[in-house]
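Enquirer: Dumping the structure here so I can ask a few things about it.
The values are calculated or read from the model by the stated rules, or taken from the named source; none is laboratory data. Keep in mind it's a predicted model, so treat the numbers as computed, not measured. When we count neighbours, we look across all protein chains shown, and the Cβ atoms used for this are built from the backbone with ideal geometry, even at glycine.
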Amino acid sequence: MNKSDSERIASFLEKLNYKEASNEEEADLIVVNMCSVRQSAVDRVYGLARKFSKIKEKSPNFKSVLTGCYSKKDFKKFKKIFDFILPIKTLPKWEDFLKKESFYFEIDQRDKNFNKKFNLFYLKEKPKYSKNFSVFVPISSGCDNFCSFCIVPFVRGPLICRDFFEILKEVKEAVKNGAKEIWLLGQNVNDYQFEGKDFAGLIEQINKIEGNFWIRFTSPHPKNFSQKLIETIAKCEKVTPYLNLPLQSGDDETLKRMRRGYTAAEYLDLVRRIRMAFKKYRKGLEREVAISTDIIVGFPGETKKQFEKTLKIFKKIKFDMAYIAKYSPRPHTLAEKMENNVEREEKEKRYKVLTEILRKIALERNKKFVGEEVEVLVEKEKDGFLFGKSRHYKTVKFEGKPQFVGKILKVKIIEALPWGLKGCLTK
Ligand code: SF4
């Protein structure tokens, strides 16, 4: 989401006659679009203080802007580092703000009046896509779920859904300009609602847009994943057979403390229904949907036995990929007030155990592609090799020329690795 917002900030600044600087030292203005989901990212922003004061010594007119997701707790300290702190939703007003010497827009992101006034109007700004062939299209912002570990509802505000027709217009235009992959973005895409239209309805309409492009989305919540949505994604052929479905824990007690709103059994059943639907409506390799997940290890109070339940479900489901995080407390959240009682070493241990299991399972899953021909959207070239993602969201490496970047190519898979595939171009 932040990447997508940065694309809008870039086009907005160009309209104000700013040009991209070749390096930070030459910049008159630096905009930091921060993420607070992990403390490490916040610490990196604190680390910019010295850099900014050095640039200021050389260029007294230099200005810095902080936007994105920052907590109220950090606001005061960031005022000492940045000349401006501006919520992303206020982007249409930045021209006025940037005329000032400095300005700090202090706001509670959940403030009703603020959200009514600014809504998601900043998304009307035409983005300067960093890759025209793979495009992020935000469909909503914020979240009302308040999972106990998550800072998002506090720094992104309540769930606000974007105009259905505005989304369709952006997708159509992107496809017309050569987009091969559309990423629909939201903190919780399956909660999308706009004037009686839901996420399944949105996907159906996007799937009808003419052109050779893929539809991907991130992230859905297992809690509100309706049967209608399952059938829709399985039936719509442009939707790729890949899904990131955050589990977070395989233990019911932990899930309850995380306020996730589902049990391990419900999650298992959801995966079963999704897999069944793809088997029913798709052909060939597409009948097998790739599923990745997000896991937190060492959540407050997570016992060894509870962690073992995560291992169990992990082995049962056989995820294609998992993004494993070691729990760290985030400001304002409920979990911050819980005793962070799993030792750092224990978290590290659980992380390693899970990663090792994932490595084996992912390799096993990837072996199914050996000998098969898959479509790959090429993302980059390095030293004579092309790297891209298959429809199952597997990283594929193969020999090829730089002019293929941004194209969908047919590649025969010759080797499976735990974190990707190797192949060769088919003639
Ligand atoms: Fe955070 Fe996702 Fe939970 Fe919303 S649903 S609070 S974004 S983890």
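Enquirer: Within the set of pairs 6 or more residues apart or between chains, which connect a residue that is without any contact (Cβ under 8 Å) to a residue 60 or more places away in the chain inside region 136-147 to a residue that is within 11 Å of the ligand (Cβ to nearest atom) and small (Gly, Ala, Ser) with Cβ atoms less than 6 Å apart?
Expert: If the second residue must be within 11 Å of the ligand (Cβ to nearest atom) and small (Gly, Ala, Ser), the pairs left are Ser140/Gly186.
Enquirer: State whether one or more residues within region 281-289 are within 16 Å of the ligand (Cβ to nearest atom), within 30 Å of Tyr327 (Cβ to Cβ) and in contact (Cβ under 8 Å) with a residue 12 or more places away in the chain.
Expert: First, pick out the residues of region 281-289 that are within 16 Å of the ligand (Cβ to nearest atom): none.
The answer is no, given that none of the residues of region 281-289 is within 16 Å of the ligand (Cβ to nearest atom), within 30 Å of Tyr327 (Cβ to Cβ) and in contact (Cβ under 8 Å) with a residue 12 or more places away in the chain.
Enquirer: Given Asn212, Asn224, which one is within 15 Å of the ligand (Cβ to nearest atom) and of a type outside the set (A, V, I, L, M, F, W, C)? Even if it seems obvious, please write down each step before you answer.
Expert: Numbers: Asn212 fails: within 15 Å of the ligand (Cβ to nearest atom).
Result: Asn224 is the single residue among Asn212, Asn224 that is within 15 Å of the ligand (Cβ to nearest atom) and of a type outside the set (A, V, I, L, M, F, W, C).
Enquirer: To continue, here is another question. May I ask you to verify whether Lys124 is away from the ligand (no atom under 16 Å from the Cβ), within 27 Å of Gln205 (Cα to Cα) and touching a residue at least 24 places away in the same chain (Cβ under 8 Å)? Walk me through it before giving the result.
Expert: On the way: away from the ligand (no atom under 16 Å from the Cβ): yes; within 27 Å of Gln205 (Cα to Cα): yes; touching a residue at least 24 places away in the same chain (Cβ under 8 Å): yes.
Judged against the criteria, Lys124 is a match.
Enquirer: Can you find, within region 14-32, the residue that is surrounded by the fewest Cβ atoms within 10 Å (Cβ to Cβ) among those that are more than 17 Å from Lys80 (Cα to Cα) and in contact (Cβ under 8 Å) with a residue 24 or more places away in the chain?
Expert: Of all residues in region 14-32, those more than 17 Å from Lys80 (Cα to Cα) come to 14-28.
So of that shortlist, the ones also in contact (Cβ under 8 Å) with a residue 24 or more places away in the chain come out as 14, 16, 24-25, 27-28.
Working: Glu14: 12, Leu16: 10, Glu24: 13, Glu25: 12, Ala27: 17, Asp28: 12.
Applying the filter and picking the extreme gives Leu16.
Enquirer: Checking the structure you have, find out if any residue of region 139-162 is away from the ligand (no atom under 16 Å from the Cβ) and outside any loop (DSSP other than H, G, I, E, B). Reasoning before the result, please.
Expert: Going through region 139-162, the residues away from the ligand (no atom under 16 Å from the Cβ) turn out to be 162.
Among the residues that remain, those that are also outside any loop (DSSP other than H, G, I, E, B) are: none.
Scanning region 139-162, I find no residue that is away from the ligand (no atom under 16 Å from the Cβ) and outside any loop (DSSP other than H, G, I, E, B), so the answer is no.
Enquirer: Which of (1) more than 16 Å from the ligand (Cβ to nearest atom); (2) modelled with pLDDT under 95 does Asn188 not meet, given it meets every other one?
Expert: Exception for Asn188: condition (1).
Enquirer: Can you confirm whether Ile295 is under 29 Å from Glu345 (Cα atoms) and not basic (Lys, Arg)? Lay out the reasoning, then the answer.
Expert: Values: under 29 Å from Glu345 (Cα atoms): yes; not basic (Lys, Arg): yes.
Considered against the rule, which asks whether it is under 29 Å from Glu345 (Cα atoms) and not basic (Lys, Arg), Ile295 comes out as yes.
Enquirer: Within region 187-207, which residues are without any contact (Cβ under 8 Å) to a residue 60 or more places away in the chain and either within 23 Å of Glu288 (Cα to Cα) or in contact with a His (Cβ under 6 Å, 6 or more places away or on another chain) (or both)?
Expert: Of region 187-207, the ones without any contact (Cβ under 8 Å) to a residue 60 or more places away in the chain are 188-198, 200-201, 203-207.
Within region 187-207, Asn188, Val189, Asn190, Ala200, Ile203, Glu204, Ile206, Asn207 qualify.
Enquirer: Looking only at region 1-54, which residues are under 22 Å from Trp94 (Cα atoms), of a type outside the set (S, T, N, Q) and in contact with an Asp or Glu (Cβ under 7 Å, 6 or more places away or on another chain)?
Expert: Across region 1-54, the qualifying residues are Arg8, Phe12, Leu16, Ile30.
Enquirer: Would you be able to tell me the number of residues in region 229-259 that are touching a residue at least 40 places away in the same chain (Cβ under 8 Å) and within 16 Å of the ligand (Cβ to nearest atom)?
Expert: Residues meeting the conditions: 11.
Enquirer: Follow-up. Tell me, which helices (runs of 4 or more DSSP H) wholly within region 1-85 include 2 or more residues that are within 30 Å of Ser219 (Cα to Cα) and among the aromatic types (Phe, Trp, Tyr)?
Expert: Working: elements: 2-15, 39-46, 48-58, 72-79.
The helices (runs of 4 or more DSSP H) meeting that bar are 72-79.
Enquirer: For a quick check of your reading of the model, give me the residue pairs whose first member lies in region 216-228 and is within 18 Å of Val137 (Cα to Cα), whose second is more than 10 Å from the ligand (Cβ to nearest atom) and among the acidic types (Asp, Glu), with beta-carbon atoms closer than 7 Å and at least 6 apart or on different chains.
Expert: Arg216/Glu181
Enquirer: Do we have Tyr262 as in contact (Cβ under 8 Å) with a residue 24 or more places away in the chain, crowded, with 17+ Cβ neighbours inside 10 Å, in contact with a helix residue (DSSP H, G or I) (Cβ under 7 Å, 6 or more places away or on another chain) and part of a loop (DSSP other than H, G, I, E, B) here? Please lay out each step first, then the result.
Expert: Working: in contact (Cβ under 8 Å) with a residue 24 or more places away in the chain: yes; crowded, with 17+ Cβ neighbours inside 10 Å: yes; in contact with a helix residue (DSSP H, G or I) (Cβ under 7 Å, 6 or more places away or on another chain): yes; part of a loop (DSSP other than H, G, I, E, B): yes.
For Tyr262, the condition - in contact (Cβ under 8 Å) with a residue 24 or more places away in the chain, crowded, with 17+ Cβ neighbours inside 10 Å, in contact with a helix residue (DSSP H, G or I) (Cβ under 7 Å, 6 or more places away or on another chain) and part of a loop (DSSP other than H, G, I, E, B) - is met.
Enquirer: Residue by residue through region 25-70, note down the ones that are within 17 Å of Lys100 (Cβ to Cβ) and polar (S, T, N, Q).
Expert: Once the filter is applied, which keeps residues that are within 17 Å of Lys100 (Cβ to Cβ) and polar (S, T, N, Q), region 25-70 yields Asn61, Ser64, Thr67.
Enquirer: Let me ask something additional. Asn119: touching a residue at least 40 places away in the same chain (Cβ under 8 Å), on the phi > 0 side of the Ramachandran plot and surrounded by fewer than 22 Cβ atoms within 10 Å (Cβ to Cβ), yes or no?
Expert: It is true that Asn119 is touching a residue at least 40 places away in the same chain (Cβ under 8 Å), on the phi > 0 side of the Ramachandran plot and surrounded by fewer than 22 Cβ atoms within 10 Å (Cβ to Cβ).
Enquirer: A further question on this structure: State all residues of region 163-201 that are aromatic (Phe, Trp, Tyr), more than 17 Å from Val239 (Cα to Cα) and in a helix (DSSP H, G or I); if no residue qualifies, say none.
Expert: Phe164, Phe165
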